[in-house]
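Heads up: the structure comes next, in structure tokens.
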Amino acid sequence: MPWGNGENWGVTAPNVSLAAPAALDATIIRLTDMFWGHRLQVGDYLGFFPYHFGLYTVTEERRDGEYRIWPPLRRALTADDFATLYPVMAMRLEAEDAASAARGVAYAEEATVTLIEVFDYDVRDYFAD
């Protein structure tokens, strides 16, 4: 039986707790040995929550559950944070003319959008209530 929006049910990867806090701009993170916490490989994407905007790439497997990531952390991590395989980024248009869509008969042809990341701390400073 699908959800009300027509999408089917699906299993998602569980969240993993942090093995140690990490400071703003840190490039090393440590995850607990739960689920996928010690199984990431170079090139894998991850994010953190709650209230953390950013997509990070594993660039080095150091030890069990310890990884070097890029870019550096956009926000400090605490013992209350979790890692997720479903990161959320805040994005904006690069400029006012950064999107174009030539309208065809049935759909937009050659549609392009140029986006840039809005850093977590900028979202909190300028876009939060």
**Request:** Just grab the label-to-label distance for Asp122 and Ala99, each label 7 Å out from Cα along the Cβ direction, in nm (one decimal).
**Result:** 1.7 nm
**Complete:** Whole-percent carbon and sulfur contribution to the accessible surface of the chain (1.4 Å, no ligands, DNA or RNA) stands at 54 percent
**Prompt:** With Cβ to Cβ distances under 14 Å as the rule, what net charge do the other residues near Pro87 carry (K, R +1; D, E -1)?
**Reply:** -2
**Request:** With no solvent and one equal point scatterer per Cα, compute the Debye intensity ratio I(q)/I(0) for the chain at 0.10, 0.21 Å⁻¹ and report its log10, rounded to two decimals.
**Result:** -0.45, -1.13
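The values are calculated or read from the model by the stated rules, or taken from the named source; none is laboratory data. Just so it is clear, the model here is predicted, and its values are computed rather than measured. Cβ: placed from backbone, ideal geometry, glycine included. Neighbour counts: every protein chain shown. Only protein heavy atoms, including side chains, enter the accessible area calculation; ligands, DNA and RNA are left aside. Shrake-Rupley method; radii C 1.70, N 1.55, O 1.52, S 1.80 Å.
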